[in-house]
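Right, one structure below, let's go through it.
The values are calculated or read from the model by the stated rules, or taken from the named source; none is laboratory data. Values in this document were obtained by computation on a predicted structure and should not be read as measured data. Ideal geometry is used to build each Cβ from the backbone, glycine not excepted, and the neighbour counts take in all protein chains shown. These area figures cover heavy atoms from the full protein model, side chains too; ligands, DNA and RNA do not enter into them. Shrake-Rupley method; radii C 1.70, N 1.55, O 1.52, S 1.80 Å.
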Amino acid sequence: MDKINVEMEQITRAEESVEIDEQKLVYDSSVDHKGRVPLRISTGEWKASLFIIAIEFSERLSYFGIATSLIIYLTKVIHQDLKTAAKSVNYWVGVTTLMPLLGGFLADAYLGRFSTVLLSSTVYFLGLLLLTMSRVVPSLKPCDSNQLCDEPRKIHEPIFFLAIYLISIGTGGHKPSLESFGADQFDDENPEERRKKMSFFNWWNFGLCCGLFLGVTLIVYVQEHVSWAMADLILTVVMASSIAIFYAGRPFYRYRKTTGSPLTPMLNVIVAAIRKRNLQLPLNPSHLYEVPKSGTTQRRLLGHTKKLKFLDKAAIVDGTRDSIEQQQNPWKLATVTKVEELKLIINMIPIWLTTLPFGVCVSQAATFFVKQRVTTNRKIIHNFEIPPASIYALTAVGMIISVIIYDKILVPFLRRATGNERGINILQRIGIGMIFSISTMVVAALVERKRLNVVRKNPVEGSASMSVFWLAPQFIILGIADGFSLVGLQEYFYDQVPDSMRSLGIALYLSVIGAANFISSILITIVDHITEKTGKSWFGKDLNSSRLDYFYWLLATITAVNLCVYVFVARSYTYKNVDNRTTMVVADCDDGDNREALV
């Protein structure tokens, strides 16, 4: 009896020792800048994230300083018509937000997130430098005069587009790697840090919105009242400074080692499942193959779910063959965790598709919303005139307000009411944002109809007598929609992808906006073609000869119908099922009804 008591006391002391050790060190497969297990007190959390948010602020300052006035530059300086300029902006935004798929893959598989951010930020800086040169160097400028040109130099346009597409390439590595690198600074296994990570995405977007706000106010004001060249020079200097700040935070970061292509294990599962297609699944899923947690490169294992059962065949241990040989050959036998990781990606496809109409609504803010502002009265007091792109700042205001209210008021209240650590689950948050995006399109349609009525009654003065603040509601509501859906999409695609694919997960979120911009361009072409055949096109040479109100009603209808489909898809979605046990040989049988993950 005494011997048993001694053994029990030794086990208790060992567990206490491990617990104390985990309080000091971070065992989540990350390392510090010297390749050691990170100290919890001196690495990660907000002390590291602040450096990361700083460079995100700089990038968003540059991006929105360029993006929100791009359509004005294309129409006034390069002299593209409204339809062509809108398509050019959509293509650029589309490429900028689809490039992260490549950047995220390279970061996860080969380069690592820190190195990818550093490299892509340098490319971004070179793009800004070339953009500045295209407006400063005499032979590259649109024309010799500082005023608007009747016809710009032929060399200016290709140099200008080369510069902004260099910025697209830089964004491709910067955006997915930086956000996932920031979230990596919080340990999922530590309850306190896990809660801080949930707030990280909210405050990440707060920093993003601050960059957006200054980009569409200060930078746009400099563009309009000083010069485009001076605005570009400011952005270039700020980006160079933020790269230095980001690098200075190197000792405080937690780094994740690359594990090779995250797509190869998924291909392994498909091949192994096809090879074993004729085998019967065991009645008890706990008989499927899994390795001990200590034998995995990633700390977290995934529990079994009942969906996509055919893929489970990849984890069947075939007793007719040498099991040791199978375990050494990933093309013949996969773990339950690898099977479940593939299921996660497949289950994301319907969610990705049903969020595209939301992205189409968002894309209108950088094109037609901007042109609406140009035609209105932007004077406030003492003949001070707001630059057309600056009212976009109201989107940032709406987003900042919604994020603060959500994080500080709604989440604590909903945690107590629902018992859910998040307050509401991620997909519910995205759905709420979609409702606001429908409201945005409805309000935009009503305001545009009023603007056209003003033009019709006073064709000489047009809508110049109508205050720009008539457009304020659609921007504020769009900002609230972003505060729910965009932040929710970021959290969803980071949290629900396999741990080895988190940069690629952020890229998937960005690809929603990228693909939506291309869809918006295609939709404009289709609507233009159809309406032109039936009478008068909805997209004329200018805003007053167009019927954007009809287009906004069309988008509101499409998004409303899609919302019904999204609700159906979201209700049947199964969240990532993380097994938090310390040791494990086979996977637990899960009932498949895990509707909300704890992490």
Quiz item: Could you count how many residues in segment 247-281 are assigned to a loop (DSSP other than H, G, I, E, B) and either under 18 Å from Gly182 (Cα atoms) or open to solvent by 40 Å² or more (accessible area, probe 1.4 Å) (or both)?
Solution: 12
Quiz prompt | Looking only at segment 528-538, and only at residues there that are open to solvent by less than 80 Å² (accessible area, probe 1.4 Å) and not small (Gly, Ala, Ser), the one that is nearest to Ala365 (Cα to Cα) | solution = Trp538
Self-check item: Residue count for segment 516-527, restricted to those that are out of contact with any Gly (no Cβ under 9 Å at 6 or more places or on another chain) and either of a type in the set (A, V, I, L, M, F, W, C) or crowded, with 17+ Cβ neighbours inside 10 Å (or both)
Solution: 5
Quiz item: Which of the helices (runs of 4 or more DSSP H) contained wholly in segment 142-233 include at least 1 residues that are under 22 Å from Leu70 (Cα atoms) and of a type in the set (S, T, N, Q)?
Solution: 156-183, 220-225
Quiz item: Hey, any hits in segment 129-143 for a residue that's basic (Lys, Arg) and within 30 Å of the chain's Cα centre (by Cα)?
Solution: no
Quiz prompt | Filter result for Met399 (more than 18 Å from Cys209 (Cβ to Cβ) and touching a helix residue (DSSP H, G or I) at 6+ places or on another chain (Cβ under 6 Å)) | solution = no
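The rows are residues; the columns are (1) modelled with pLDDT under 90; (2) open to solvent by 40 Å² or more (accessible area, probe 1.4 Å); (3) under 21 Å from Phe493 (Cα atoms); (4) in a helix (DSSP H, G or I).
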position	(1), (2), (3), (4)
Tyr550	yes, yes, no, yes
Ala556	no, no, no, yes
Leu563	no, no, yes, yes
Val569	no, no, yes, yes
Exercise. Look at segment 202-231 and say how many of its residues are surrounded by 24 or more Cβ atoms within 10 Å (Cβ to Cβ) and more than 25 Å from Lys379 (Cα to Cα).
Key: 2
Quiz prompt | Cβ-Cβ under 8 Å pairs, at least 6 apart or on other chains, segment 149-171 side among the polar types (S, T, N, Q), far side crowded, with 16+ Cβ neighbours inside 10 Å and not in a helix (DSSP H, G or I) | solution = Ser168/Met99; Thr171/Met99
Quiz prompt | Among the residues listed as Ala244, Ala240, the single one being out of contact with any Lys or Arg (no Cβ under 8 Å at 6 or more places or on another chain) and either surrounded by 15 or more Cβ atoms within 10 Å (Cβ to Cβ) or assigned to a loop (DSSP other than H, G, I, E, B) (or both) | solution = Ala240
Quiz item: Picking from Gly540, Gly535, which residue would you name as being in contact with a helix residue (DSSP H, G or I) (Cβ under 9 Å, 6 or more places away or on another chain) and farther than 18 Å from Ile345 by Cα?
Solution: Gly540
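Conditions tested, residue by residue: (1) surrounded by fewer than 19 Cβ atoms within 10 Å (Cβ to Cβ); (2) over 30 Å from Arg195 (Cβ atoms).
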| position | (1), (2) |
| --- | --- |
| Gln496 | no, no |
| Ile506 | no, no |
| Asp542 | yes, yes |
| Tyr573 | yes, no |
Practice problem: Among the candidates Val95, Val89, single out the residue that is at pLDDT below 85, in a helix (DSSP H, G or I), among the β-branched types (Val, Ile, Thr) and crowded, with 22+ Cβ neighbours inside 10 Å. | Solution: Val89
Practice problem: Kindly indicate the residue of segment 77-86 that is modelled with pLDDT of 80 or more and in a helix (DSSP H, G or I) and also most open to solvent (accessible area, probe 1.4 Å) among those meeting that condition. | Solution: Thr84
Practice problem: Would you mind listing the helices (runs of 4 or more DSSP H) fully within segment 387-473 where at least 2 residues are without any contact (Cβ under 8 Å) to a residue 40 or more places away in the chain, under 28 Å from Ser572 (Cα atoms) and open to solvent by less than 50 Å² (accessible area, probe 1.4 Å)? | Solution: 411-418
Self-check item: Which numbered condition Arg195 fails, given (1) open to solvent by 60 Å² or more (accessible area, probe 1.4 Å); (2) closer than 30 Å to Ala334 by Cα; (3) of a type in the set (Lys, Arg)
Solution: (2)
Self-check item: Residues satisfying the stated conditions in segment 62-76, i.e. touching a residue at least 60 places away in the same chain (Cβ under 8 Å) and either in a loop (DSSP other than H, G, I, E, B) or open to solvent by less than 10 Å² (accessible area, probe 1.4 Å) (or both)
Solution: Ser62, Gly65, Ala67, Thr68, Ser69, Leu70, Ile71, Tyr73
